[in-house]
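**Q** Quick one: this structure, given as C-alpha cells, is what I'll be asking you about.
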Amino acid sequence: MMNTRDFTRSLLAGSLLALGLGSPAFAADLPGKGVKVLPLQSALVEETFQTLLVTRALKQLGYDVQPIKEVEYPMAHIAVANGDATFIANHWNPHHAEFYKSAGGDAKMARKGVYAAGATQGYMIDKKTADQYKITHLSQLSDPKLAKLFDANGDGKADLVGPSAGWGGEAVVEHQLTAFKLRDTVTYTQGNYPALIADTLARFKQGKPVLFYAWTPYWLSNVLRAGKDVVWLEVPFSAMPGVQAGTDTKQANGKNYGFPLNNEYIVANKVFVEKNPAAGKLFEVMALPLADISRQNQLMHDGQNRQQDIERHTDSWIKAHQKTFDSWIAQALAAADK
C-alpha cells in the first residue's frame, strides 16, 4: 500500500513531469538532491548526444550532474569501477567486454537494460571496386594485386583505415589481420579515425578505391550507403581475441562480417547504483533507437557540431519523444520510493 507521503510524492512527480520538472521549489523532493554525478565519454564527439540525453534525465531527477569528462574507453571503465566517475553511456557489449572485465566486471559495475540495440561493425570497400573485381571477402586481399588497388601511400599494400588506439575494435583488427594471413598485403592505418575517414570520403568522391572499418550508428552510414556506395566484406571464419575468443560472428542473414552484433549499455558504478535506485532504474529503462543516433550524427557531420548544437539536438529529441522521456522519469521516481 502507498502511504500518504508516497502518494503525495507520486502526485507531485506527475505535476513536475507536466511542467518539465522545472521548479526549484520542489528540488528537496527529488531523489538526486545533493548527489554529484560525473559522466564520462571518449573523445569521439558523436557520442555526446547519447551521454547528454542521460544527463538531461538525471538532472530532472535532481542530481548535480558535472560536465562530461573525456576519457578513453579502457580508463573510463576503470574510473567508473573505482568510483572516480559515475557512468559511461557508450559501453558496447561485447565490443568493450575486455575493458569491462579488466576493470572488475559485475562486481564493481552495473550494466542493466539495453540503451541501443543491434549495432553492426565490419570492413567495407567501395561498391564500384567490389563489383569490378568481384571482391566479397576480406581474405581476397591476401592477393597482392587486389590489395594494391587500395594502396593510398604507394607502398604496394592495401591501406585499411581502422579503429583509433584504445577502441574496442583495435584488438580485433590486429588479431584478424594475423588470423586471416593479411600482414604481408594489408597495412592497418591508425590515427584519428574521424580525420582518416574524412580523407577516405574524399578519396571515394574522387572515384578511388577505399577500404575501412565501419560501424553503426555513425554518420558515415548515411553518406556511404551500404549496398549502394559501399559493401560489407565477409571474413573467412570467426576470429575474436581475448574474452571474446570463440564467439561466432555470423549474423542472422548468414553473413559473417567479423564482428558480433553489439548492444549499447549505460555502465555505472555499482555502489552508486545501490545507493541511488532512481538513477539505477533510469539507466536500466532508457532506450534509444540506433537510427536516431545516426540522424543526429548526420546533423553534426553537416556542420551542426558545436556543443550548443548537440544540446539543441538533445532537447529536440526529448520534445519529440516527451511521453517516452517522461515515462523514464516516472519509473525512476517510483524506484526511489520503494
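The values are calculated or read from the model by the stated rules, or taken from the named source; none is laboratory data. Please read all numbers here as calculations on a predicted model, not as lab measurements. With ideal geometry, Cβ positions are generated from the backbone for all residues, glycine too; neighbour counts draw on all protein chains shown.
**Q** Would a scan of region 250-261 turn up a residue that is within 26 Å of Lys59 (Cβ to Cβ), out of contact with any helix residue (DSSP H, G or I) (no Cβ under 7 Å at 6 or more places or on another chain) and at pLDDT 95 or above?
**A** No, the conditions are met nowhere in region 250-261.
**Q** Pull up region 132-181, narrow it to residues that are assigned to a helix (DSSP H, G or I) and of a type in the set (Val, Ile, Thr), then point me to the one that is surrounded by the fewest Cβ atoms within 10 Å (Cβ to Cβ).
**A** Per the criteria, the residue is Thr178.
**Q** Can you report the number of residues in region 108-141 which are among the aromatic types (Phe, Trp, Tyr), under 20 Å from Thr200 (Cα atoms) and in contact (Cβ under 8 Å) with a residue 24 or more places away in the chain?
**A** 1
**Q** Then there's this: For the condition over 30 Å from Ala89 (Cβ atoms), out of contact with any strand residue (DSSP E or B) (no Cβ under 9 Å at 6 or more places or on another chain) and not aliphatic (A, V, I, L, M), what is the one hit in Lys228, Lys208?
**A** That would be Lys228, the only listed residue that is over 30 Å from Ala89 (Cβ atoms), out of contact with any strand residue (DSSP E or B) (no Cβ under 9 Å at 6 or more places or on another chain) and not aliphatic (A, V, I, L, M).
**Q** Yes or no: region 116-125 includes at least one residue that is part of a loop (DSSP other than H, G, I, E, B) and under 25 Å from Leu282 (Cβ atoms).
**A** Checking region 116-125: not a single residue is part of a loop (DSSP other than H, G, I, E, B) and under 25 Å from Leu282 (Cβ atoms).
**Q** Output the residues belonging to region 79-102 that are under 17 Å from Glu170 (Cβ atoms) and of a type in the set (A, V, I, L, M, F, W, C).
**A** Residues satisfying the conditions are Trp92, Ala97, Phe99.
**Q** Can you name the number of the only condition in (1) closer than 15 Å to Pro94 by Cα; (2) touching a residue at least 40 places away in the same chain (Cβ under 8 Å); (3) under 19 Å from the mean Cα position of the chain (by Cα) that Met240 fails?
**A** (3)
Residue-by-condition table, conditions (1) out of contact with any Pro (no Cβ under 8 Å at 6 or more places or on another chain); (2) in the same structural domain as Thr48 (by TED's automatic domain parsing); (3) part of a helix (DSSP H, G or I):
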| site | (1), (2), (3) |
| --- | --- |
| Ala278 | no, yes, yes |
| Glu284 | yes, yes, yes |
| Ala287 | yes, yes, no |
| Ile293 | no, yes, yes |
| Gln296 | yes, yes, yes |
| Gln304 | yes, yes, no |
| Asp309 | yes, yes, yes |
| Thr324 | yes, yes, yes |
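**Q** Okay, next question. Looking at region 36-88, which of the residues that are out of contact with any Leu (no Cβ under 6 Å at 6 or more places or on another chain), among the polar types (S, T, N, Q) and part of a helix (DSSP H, G or I) is nearest to Gly280 (Cα to Cα)?
**A** Among them, the one singled out is Thr55.
**Q** Any residue at all in region 243-263 that's more than 16 Å from the chain's Cα centre (by Cα) and assigned to a helix (DSSP H, G or I)?
**A** yes
**Q** Among the residues that make up region 212-219, is at least one of them surrounded by 21 or more Cβ atoms within 10 Å (Cβ to Cβ), farther than 18 Å from Ser142 by Cα and more than 19 Å from the chain's Cα centre (by Cα)?
**A** no
**Q** Follow-up. Out of curiosity, is Ala85 under 27 Å from Pro194 (Cβ atoms) and at pLDDT below 95?
**A** Spelling it out, it is not the case that Ala85 is under 27 Å from Pro194 (Cβ atoms) and at pLDDT below 95.
**Q** Looking at the structure I just gave you, is Lys127 at pLDDT 95 or above and surrounded by 15 or more Cβ atoms within 10 Å (Cβ to Cβ)?
**A** In short, yes.
**Q** Could you tell me whether Gly113 is assigned to a strand (DSSP E or B), touching an Asp or Glu at 6+ places or on another chain (Cβ under 9 Å) and surrounded by fewer than 18 Cβ atoms within 10 Å (Cβ to Cβ)?
**A** Yes, satisfied.
**Q** Then there's this: Does region 285-293 contain any residue that is in contact (Cβ under 8 Å) with a residue 40 or more places away in the chain, surrounded by 18 or more Cβ atoms within 10 Å (Cβ to Cβ) and more than 15 Å from the chain's Cα centre (by Cα)?
**A** Scanning region 285-293, I find at least one residue that is in contact (Cβ under 8 Å) with a residue 40 or more places away in the chain, surrounded by 18 or more Cβ atoms within 10 Å (Cβ to Cβ) and more than 15 Å from the chain's Cα centre (by Cα), so the answer is yes.
**Q** Of the conditions (1) closer than 22 Å to Tyr188 by Cα; (2) assigned by TED's automatic domain parsing to the domain that holds Lys228; (3) surrounded by fewer than 20 Cβ atoms within 10 Å (Cβ to Cβ), Glu72 clears all except one; give me its number.
**A** (2)
**Q** Ok, one more. Take the residues in region 194-239 that are at pLDDT 95 or above, part of a helix (DSSP H, G or I) and not aliphatic (A, V, I, L, M), then tell me which one is nearest to Lys127 (Cα to Cα).
**A** In this case the residue turns out to be Phe204.
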